[in-house]
C-alpha cells in the first residue's frame with residue numbers, strides 16, 4: 001500500500017512538473033533583416049504584450065518595415081507602419097495602430113538589461129497609464145554602468161515611479177557587468193529578450209544615422225516568423 005501511495009505521489013509530481021514545463025514554454029520569433037537575423041523569446045509574464053505581438057507577426061505586420069531608430073549604446077527601434085514606404089530622410093516614429101496595450105511592468109523580474117525586448121509608448125504627459133504602443137518596439141543594447149553612475153539613475157527612477165521601483169543587488173550586478181538601459185525601468189514594459197543574433201542587433205546600433213537617429217542606409221525587416 002505504501003509503495004502504491006509513493007508511486008502515485010511521484011506520478012503526481014511528474015505531472016505537475018510537465019504542466020509547469022508547458023506553462024513556461026515561450027513563443028519565439030525569428031526576424032530576418034537586410035542586416036542579418038535575430039531571434040526573440042516572448043515572456044509569459046506579459047501575456048497582453050505577447051499575444052499582441054504574436055498577432056501582428058502572424059498578420060505579416062512587421063514584414064518590410066524599417067529599423068527607424070538606432071542609437072549607439074542604447075537601443076534599436078522598429079514597428080512604425082509608416083516606414084514601409086518611407087522616402088529617404090523622412091522623419092519616422094509617429095506611425096502606429098489605433099490600439100494600445102496596457103502596461104505590464106514586472107520589475108524586478110523583467111528589466112531593461114542588454115538584449116531586452118521592450119515596447120515603445122507615448123510620453124507620460126499624454127499617457128499617464130504608460131500604455132504601450134500597439135506595434136513599435138525596441139531592443140536594448142545599452143552599456144555597463146559603474147556603481148556611482150547607477151545611484152543617481154536609481155534616484156530618478158524611484159522618483160518617476162513614486163518609489164515603487166527599487167534596484168535589487170541582482171539588478172545592479174547585471175547593469176554593472178552586462179549593461180542595459182536602467183533609466184527606463186518601471187516606465188516601459190519589457191516583454192521578451194533576444195535569444196540569438198545579438199551580434200546583428202549590436203551591428204545595427206552602430207550604423208550611421210541622421211539627426212533623427214534614422215539609419216542613413218535603410219535596414220529593413222524582410223520577414224518576421226513565429227518559430228513553431
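Just so it is clear, none of the values below were taken in a lab; they were calculated from the coordinates. Predicted model only: the values in this text are computed from it and were never measured. Methodologically, a virtual Cβ is constructed for each residue, glycine included, from the backbone with ideal geometry; neighbour enumeration extends over all protein chains shown.
Could you give me D for the chain, from Stokes-Einstein at 4 °C and 1.567 mPa s, where the hydrodynamic radius is the Kirkwood radius over C-alpha pairs? Units µm² s⁻¹, please.
69 µm²/s
Compared with the dominant Cα axis of the chain, that is its longest principal axis, helix 2-24 is turned about 10°.
Could you calculate the contour length gain from residue 124 to residue 177, that is, 0.36 nm times the residue separation minus the distance between their Cα atoms, to one decimal place in nm? Please report the intermediate quantities before stating the final value.
Details: separation 53, 0.36 × 53 = 19.08 nm, distance 3.04 nm.
This chain segment gains 16.0 nm when fully extended.
Peptides 180-192, 26-38 ranked from most to least packed, by the mean per-residue count of other Cβ atoms within 10 Å: 180-192, 26-38. Three principal axis extents describe the C-alpha atoms of segment 78-175; from largest down they are 45, 27, 21 Å. Ordered by the number of other Cβ atoms lying within 10 Å of each residue's own Cβ, fewest first, 84, 130 fall into the sequence 84, 130. Rounded to the nearest 500, the 222 nm mean residue ellipticity of the chain from helices alone is -9000 deg cm²/dmol, with -39,500 (n - 2.57) taken per DSSP H run of at least 4 residues. In degrees between 0 and 90, to the nearest 10, how far off the longest principal axis of the chain does helix 47-58 point, with axes built from Cα atoms? Computed tilt is about 60 degrees. Could you tell me the distance between the Cα centroids of segment 103-160 and segment 41-59, to the nearest Å? Spelled out, the Cα-based centre of one part sits 18 Å from the other.
With an a/c value of 1.5 or above and a/b not larger than b/c for the gyration tensor axes a ≥ b ≥ c computed over the alpha-carbon atoms, segment 70-130 is described as oblate.
Each principal axis of the Cα cloud of segment 100-228 was taken in turn, and the coordinate range along them, longest first, works out to 42, 39, 33 Å.
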